[in-house]
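Right, one structure below, let's go through it.
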Amino acid sequence: MRKGKGDNHEFKFRIVIAEDHTILREGLRALLSSNPDFEVVGEAQDGREAIRCVEKLKPNLILTDLSMAKMNGMDAIREIRRRAPETKILVLTVHKTEEYILATLKAGADGYLLKDSTHGELLAAVRHVLSGKHYISPGISDKVLGGYLEGRKTLKTRTSWKP
């Protein structure tokens, strides 16, 4: 673990979990809390509660679902990004379509992880996002990259640009 500036206290990354299913929230808390670098400081069961947690607790990262009651994850991401731009946002979801992935990243998410991921992949994604990088589950990254490249090919053929 990293040490805090000028003291002997160990630094832990502060995490909020936003997930509407209690058993999943509890499981995620247990998995993340088992890592000495992470501290789960709050939980939310909907998007509105997630925003309140982020404002009050000032976490380094929020791990959020997209499908939640009262306010969905996509709207919560936009609002969290507006109110707490320094907080990293990692989405954990079942949605695999390119439209969801791109819309989520455009809304301000730093990472996109599928719920069928392993514990190891969850930890890797959290660390990757906390280090300031973007993360997309390997199982869907080819789909996103393929769509992006296909879009570029289409765009290039319609323009008069020449190398």
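Coordinate-derived values only; no laboratory data. Quantities reported herein were computed from a predicted structural model and do not represent experimental measurements. Positions of Cβ are backbone-derived with ideal geometry, glycine not excepted, and every protein chain shown enters the neighbour counts.
For VAL40, the amide hydrogen comes within under 5 Å of the amide hydrogens of ILE15, counting only partners 5 or more places away or on other chains and with H modelled in the peptide plane. Residue-wise HN-Hα couplings along region 74-90, as the Karplus relation 6.51 cos²θ - 1.76 cosθ + 1.60 with θ = phi - 60° gives them from phi, are 4, 5, 5, 4, 4, 6, 5, 4, 5, 7, 9, x, 7, 6, 6, 10, 10 Hz; Gly and Pro carry x.
Counting other Cβ atoms within 10 Å, keep those with at most 14, restrict to DSSP loop, and tell me which chymotrypsin sites (Phe, Trp or Tyr not before Pro) in region 1-93 are left.
Loop-located and lightly packed - PHE11.
For LYS115, the residues whose modelled amide H falls within less than 5 Å of its own, excluding neighbours fewer than 5 places apart on the same chain, are THR93, VAL94. Summarising the amide proton neighbourhood of ALA18: residues at separation of 5 or more, or on other chains, whose placed amide H is nearer than 5 Å comprise ALA44, LEU63, THR64, ASP65.
Taking a 24 Å limit on the Cα-Cα distance, which of the listed pairs LYS70/LYS133; LYS12/LYS56; LYS58/LYS133; LYS70/LYS115; LYS88/LYS115 fall beyond it? Distance filter (> 24 Å) returns LYS70/LYS133. Summary of packing: across the peptides 50-58, 82-90, the per-residue average of other C-beta atoms within 10 Å ranks them, highest first, as 50-58, 82-90.
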